[in-house]
Amino acid sequence: MARCKAGKCGCGTRIISNAVNQMNGQQCFDVCTTPICGSPDYLGLFAPVIYDEIGINLCTTFDLGIDIPTAYPTATTATAQIIDITYTYGDGGVEITQISGRPNCYSVTLTNLTVQFAVNLYDEACRLIDTIFVSALYLPSDTTEDTYDEDTNPTTVTLELFAPYGVAYNNVAGVFTPALNAIGFASTDNMVRQGLNLVGAAKVLNFDETDSTITIGVTLVIQSLYYAGYKVANAGRIVIPKGCIVTPEDTDCLKFVAGDLLNLEIRPLDLGVPGCQENLKQDCTPTCNFDCTENI
């Protein structure tokens, strides 16, 4: 950041970015009133970056809770998608602790994960019959649970992750506890958050339409993720395909509706050393058609 000198560009002593300050050096070019046209060579992006991740596979068989032969007599196969993963924190739930003597690493203990599935049922011609929603308990803390299996679905697992910028926290009545964000396909949790994230994928290993049971294997992945700014090479704007809803005629409104999509193309700043922008400052005549390639 830089402080703009008084009397130049009418900005007084306001603090502005280095990019804008460099452009204002000639006192004749103000990006705030004359946006730069065209496309930059690079775009600055604030993106979620994965610092570490580790995954496990679990598997269990459970009842669908529906009499398949009666409700869906033509169902022969099924697929599954994880919609949501829910859990509690603390004793008997998810626990996240910073590892003693290793301040950049955390231990994550998983248990009692309720996984919500959307199960698609198909007939023998692979035509979708219906989608049903069921849930099952993975990593049950109680060994008497129907889904428990010592080898494929034990009571708990503990994973270690490199998380150099720490974890996010839940705030419940002023009490802060480390948080694990589950990324699913429910509208309330279909997003990544800074810190530790849990994401899952499912595969149907067996569908017994006679007994109305299903065997689903799940992959669970924990990631340490933080947002960071990066400079990315720009290959141009996205061209959006347009669908036409009317036949073009001679009225202005009909021509507009049938015509191309609007594309507001004010150029983002190159947050670095200016290229073509330097030429625009020197000439004091910024235009979209200015040829500055010979000086790049």
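Taking the criterion of being at pLDDT 95 or above, touching a Phe, Trp or Tyr at 6+ places or on another chain (Cβ under 9 Å), open to solvent by 80 Å² or more (accessible area, probe 1.4 Å) and within 23 Å of Thr60 (Cα to Cα), the only residue of the range 118-167 that qualifies is Phe133. Among the residues of the range 62-86, those identified as in a strand (DSSP E or B) and under 32 Å from the mean Cα position of the chain (by Cα) are Phe62, Thr77, Ala78, Thr79, Ala80, Gln81, Ile82, Ile83, Asp84, Ile85, Thr86. Hey, among the residues in the range 88-115 that are among the β-branched types (Val, Ile, Thr) and outside any loop (DSSP other than H, G, I, E, B), which one's most open to solvent (accessible area, probe 1.4 Å)? It comes out as Thr97.
Is it the case that some residue within the range 64-79 is closer than 16 Å to Leu180 by Cα, open to solvent by 80 Å² or more (accessible area, probe 1.4 Å) and of a type outside the set (D, E, K, R)? Checked against the condition, which is being closer than 16 Å to Leu180 by Cα, open to solvent by 80 Å² or more (accessible area, probe 1.4 Å) and of a type outside the set (D, E, K, R), the range 64-79 yields no hits at all. Restricting to the range 210-268, name every residue that is open to solvent by 90 Å² or more (accessible area, probe 1.4 Å), over 29 Å from the mean Cα position of the chain (by Cα) and at pLDDT 90 or above. Hits for the range 210-268 are Thr210, Asp211.
Determine whether the range 116-126 contains at least one residue that is assigned to a strand (DSSP E or B), of a type in the set (Asp, Glu) and touching a residue at least 12 places away in the same chain (Cβ under 8 Å).
No - not one qualifying residue is present in the range 116-126.
Look at (1) at pLDDT 95 or above; (2) hydroxyl-bearing (Ser, Thr, Tyr); (3) under 29 Å from the mean Cα position of the chain (by Cα) and you find that Tyr89 fails only one, number (1).
The values are calculated or read from the model by the stated rules, or taken from the named source; none is laboratory data. Just so it is clear, the model here is predicted, and its values are computed rather than measured. Because the Cβ atoms are built from the backbone with ideal geometry, glycine has one as well, and the counts that use them run over all protein chains shown. These accessible areas exclude ligands, DNA and RNA; they are computed on the full protein's heavy atoms, side chains included. Shrake-Rupley method; radii C 1.70, N 1.55, O 1.52, S 1.80 Å.
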